[in-house]
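Enquirer: Quick one: this structure, given as structure tokens, is what I'll be asking you about.
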């Protein structure tokens, strides 16, 4: 491949980690949001108060985009020295994005349960925290590995 064409893709790994993390966040937040809206609709139709706590459950998958951004910034430093890191960006971004996706699915079920019972918010947050931990671990381990590449 011609050198100048290859240079156009030098930031691809860094962009992939952010893009894939954000895709997971968007999907997770979308799923949780639809469930929250359904729970609110049910509350409104029964003339019951609608819990604003569902917003916190819905927003949980957004943090993975921040983790992708943090990893991307660390990767961009290495791309300046000529390292491309496509595989690392793909796998790290996919893992962080999958965490957000599944966290969103858990949040959707939590919204449904909270809307139905009005109870269990703390328990639901614990489960969402477990899904969040996967993304945090991927971010930390990727940053550690990137640090080893810098010497």
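Enquirer: Of the residues that sit in region 27-46 and are free of Cβ contacts under 8 Å to residues at least 40 places away in the same chain and in a helix (DSSP H, G or I), which one is farthest from residue 99 (Cα to Cα)? It would help to see each step written out before you state the result.
Expert: Within region 27-46, the first condition is being free of Cβ contacts under 8 Å to residues at least 40 places away in the same chain, and the residues that meet it are 33, 37, 41, 44-46.
Now drop any that are not in a helix (DSSP H, G or I), which leaves 33, 37, 41, 44-45.
Working: 33: 17, 37: 22, 41: 28, 44: 32, 45: 33 Å.
The qualifying residue farthest from residue 99 (Cα to Cα) is 45.
Enquirer: Here is a further query. Any idea which of 20, 6 is surrounded by 18 or more Cβ atoms within 10 Å (Cβ to Cβ) and out of contact with any strand residue (DSSP E or B) (no Cβ under 7 Å at 6 or more places or on another chain)?
Expert: Working: 6 fails: surrounded by 18 or more Cβ atoms within 10 Å (Cβ to Cβ).
One residue alone meets the criteria, 20.
Enquirer: Taking region 132-151 as the region of interest, how many residues are buried (at least 17 other Cβ atoms within 10 Å of the Cβ) and farther than 15 Å from residue 72 by Cβ?
Expert: 2
Enquirer: From the list 60, 110, exactly one residue is under 18 Å from residue 27 (Cβ atoms), in contact (Cβ under 8 Å) with a residue 40 or more places away in the chain, in a helix (DSSP H, G or I) and under 15 Å from the mean Cα position of the chain (by Cα). Which is it? Show your work before the answer.
Expert: Numbers: 110 fails: under 15 Å from the mean Cα position of the chain (by Cα).
Checking each option against the conditions leaves just 60.
Enquirer: Let me ask you something else. Report whether or not residue 71 is assigned to a helix (DSSP H, G or I), more than 11 Å from residue 13 (Cα to Cα) and at pLDDT 95 or above.
Expert: Working: assigned to a helix (DSSP H, G or I): yes; more than 11 Å from residue 13 (Cα to Cα): no; at pLDDT 95 or above: yes.
Answer is no for this residue.
Enquirer: Looking only at region 113-124, count how many residues are in contact (Cβ under 8 Å) with a residue 24 or more places away in the chain and either touching a strand residue (DSSP E or B) at 6+ places or on another chain (Cβ under 9 Å) or surrounded by 15 or more Cβ atoms within 10 Å (Cβ to Cβ) (or both). Steps first, please.
Expert: Of the residues in region 113-124, the ones in contact (Cβ under 8 Å) with a residue 24 or more places away in the chain are 114-116, 118, 121, 124.
Those left that are additionally either touching a strand residue (DSSP E or B) at 6+ places or on another chain (Cβ under 9 Å) or surrounded by 15 or more Cβ atoms within 10 Å (Cβ to Cβ) (or both): 114-115, 121, 124.
So the answer is 4.
Enquirer: Mind counting the residues in region 49-72 that are out of contact with any helix residue (DSSP H, G or I) (no Cβ under 7 Å at 6 or more places or on another chain) and either under 23 Å from residue 85 (Cβ atoms) or loosely packed, with under 12 Cβ neighbours inside 10 Å (or both)?
Expert: 2
The values are calculated or read from the model by the stated rules, or taken from the named source; none is laboratory data. Owing to the predicted nature of the structure, the values given are computational and were not obtained by experimental measurement. Counting neighbours? That spans all protein chains shown, and the Cβs are built from the backbone with ideal geometry, glycine included.
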